[in-house]
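Participant: Please read through the structure below; I'll follow up with questions.
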Amino acid sequence: MTNENGHPDMDYKAHGNTYSGFLNLLKWGTVLTIIAAVAAIIAIT
C-alpha cells in the first residue's frame with residue numbers, strides 16, 4: 001500500500017531527474033529555436 005513517502009514501487013528520485021532533464025531540453029530547445037528564427041529573418045532581409 002502507500003506510506004508517508006509515497007508508493008514503494010515509485011522511484012521519485014529518478015522521476016525528478018527525468019523531469020529536470022525534460023525541462024532543460026525544453027528551455028534550451030526554445031532558446032535555440034528563437035536564435036534560429038532570428039538568424040533566418042536576418043538572412044531573408
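Participant: Taking only DSSP H segments of four or more residues, each worth -39500 (n - 2.57), what value at 222 nm results for the chain once the sum is divided by all its residues, to the nearest 500 deg cm²/dmol?
Facilitator: That comes out to -26500 deg cm²/dmol.
Participant: Mind checking the alpha-carbon convex hull of the chain and giving the volume per residue in Å³?
Facilitator: 64
Quick note: the coordinates plus some simple rules give every number you see, no bench work behind them. The model shown is predicted, which means the values in this text are computed figures rather than measured ones.
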